[in-house]
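The values are calculated or read from the model by the stated rules, or taken from the named source; none is laboratory data. Nothing here was measured: the structure is a model prediction, and the numbers come from that model. Cβ: placed from backbone, ideal geometry, glycine included. Neighbour counts: every protein chain shown. These accessible areas exclude ligands, DNA and RNA; they are computed on the full protein's heavy atoms, side chains included. Shrake-Rupley method; radii C 1.70, N 1.55, O 1.52, S 1.80 Å.
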Amino acid sequence: MTGIKMLWHTTAMGADYDDMLGPLQRLFGAAVMHENISEEAGVGRRGGMVWLGDNSIEIGAPVGEQSPVRNFVERWGGGMHSIALQVDDAKATAERLARHHVAPQVWIDDGIFFSKPQDTAGLLLEWADRHTDDDPRWGHDLKARPEAPAAPALQYAFVTAVVADPAAVADRLACLFGTEVLRTEADPAPDQIGAMVSLADCLLLLFCLPAEGMSREIWGSGITRNRFHAHGLLVANLAEAVSELAPHGVRPVAQIAGMTYLDPEAVPVPTFLVEELLPEDPRCKPSQSPANKTKEP
């Protein structure tokens, strides 16, 4: 296989680790896989991986004055930072990406690297042929789960990004991912999905970069450039989930593309809720899934 295999995890950063983890546990049932503190130069982070629905999200907070995480949080307000994609062979992937003018920004080890965001429409992507030993997808029994979260996440439905040109970015990313563009819209409105790309086992939704004065109203603060923005969580019953979240001070602020968008000031990561996977989701059409039809660009 030459393209991506799946979404390995998303990554979100905030000012305080506990302030991120606690709401994810209480509201959506996130379970800690592992956490650690690193004061190494270039890392400067307290963070860890948590299981949410059927996928994982890495959360982190700055440690030390020179932490690059601190720079992200202070400059852009924190939130969704990057996504990690699983591949069969990281070195072979780097060689393939080089043919499309995508260079590594940093190698974490010989099986994990980040590509330069300027080569991928300003979006930070991690590529890995590794996984953590505590990942349930590889057989780990995750026993420490929160009791009675308000709105338990059943599945990780999608990731969103805001970009200046959704159609062009979708074409670029599908080429790099070795997957497919599943939807595009001409001149999409701010509350309309501009393009959709397969992540092999879920979806990346691309929205238009909001115009001046619209950022806080719809998307929250920190949306002034292309960036990953939010995640979508599948719940069993949307109306019940919204009702159960209200006592926690979490209320919907918009219906965007038919999806319920929660107040971004009330949750640690901007969050959409849905009670059905979008029809283009590869899990809805297993026989046609790009995971089974990955192509070499």
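Filter the range 215-244 for residues that are of a type outside the set (A, V, I, L, M) and modelled with pLDDT under 85 and give the result. Before you say what the answer is, go through the steps one by one.
Initial filter on the range 215-244 (of a type outside the set (A, V, I, L, M)): 215-217, 219-222, 224-229, 231-232, 237, 240, 243-244.
Passing the criteria: S215, R216, E217, W219, G220, S221, G222, T224.
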Those residues that are modelled with pLDDT of 95 or more and surrounded by 15 or more Cβ atoms within 10 Å (Cβ to Cβ), I need them from the range 117-133; list them, please.
-> P117, D119, T120, A121, G122, L123, L124, L125, E126, W127, A128, D129
Sole miss for E212 among (1) at pLDDT 95 or above; (2) open to solvent by 30 Å² or more (accessible area, probe 1.4 Å); (3) not basic (K, R) is condition (1)
Does V169 count as of a type in the set (A, V, I, L, M, F, W, C), at pLDDT 95 or above, in contact with a strand residue (DSSP E or B) (Cβ under 7 Å, 6 or more places away or on another chain) and not in a loop (DSSP other than H, G, I, E, B)?
-> yes
Looking at (1) in a helix (DSSP H, G or I); (2) at pLDDT 95 or above, which is the only condition R75 fails?
-> (2)
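Considering A167, A103, which residue is more than 16 Å from F207 (Cα to Cα) and open to solvent by 10 Å² or more (accessible area, probe 1.4 Å)?
Numbers: A167 fails: more than 16 Å from F207 (Cα to Cα).
Of the residues listed, the single one that is more than 16 Å from F207 (Cα to Cα) and open to solvent by 10 Å² or more (accessible area, probe 1.4 Å) is A103.
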The lone condition A94 fails out of (1) among the small types (G, A, S); (2) in contact with a helix residue (DSSP H, G or I) (Cβ under 8 Å, 6 or more places away or on another chain); (3) open to solvent by 10 Å² or more (accessible area, probe 1.4 Å) is (2)
Exactly one of I4, I57 is crowded, with 22+ Cβ neighbours inside 10 Å, modelled with pLDDT of 95 or more and part of a loop (DSSP other than H, G, I, E, B), and that residue is I4
Go through (1) assigned to a loop (DSSP other than H, G, I, E, B); (2) open to solvent by 20 Å² or more (accessible area, probe 1.4 Å) and name the single condition R137 misses.
-> (1)
Could you list all residues from the range 245-287 that are surrounded by fewer than 12 Cβ atoms within 10 Å (Cβ to Cβ), in a helix (DSSP H, G or I) and at pLDDT below 95?
-> P286, S287
Among the residues of the range 28-48, which ones are open to solvent by 10 Å² or more (accessible area, probe 1.4 Å), touching a residue at least 12 places away in the same chain (Cβ under 8 Å) and at negative phi?
-> V32, M33, H34, E35, N36, I37, S38, E39, A41, V43, R45, R46
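I'd like the full set of residues that are open to solvent by 20 Å² or more (accessible area, probe 1.4 Å), within 24 Å of L21 (Cα to Cα) and not small (G, A, S), limited to the range 73-91. Please lay out each step first, then the result.
Our first condition is that a residue be open to solvent by 20 Å² or more (accessible area, probe 1.4 Å); within the range 73-91, this holds for 73-77, 81, 88-89, 91.
Adding the requirement that they be within 24 Å of L21 (Cα to Cα) leaves 73-77, 81.
Once the filter is applied, which keeps residues that are open to solvent by 20 Å² or more (accessible area, probe 1.4 Å), within 24 Å of L21 (Cα to Cα) and not small (G, A, S), the range 73-91 yields V73, E74, R75, W76, H81.
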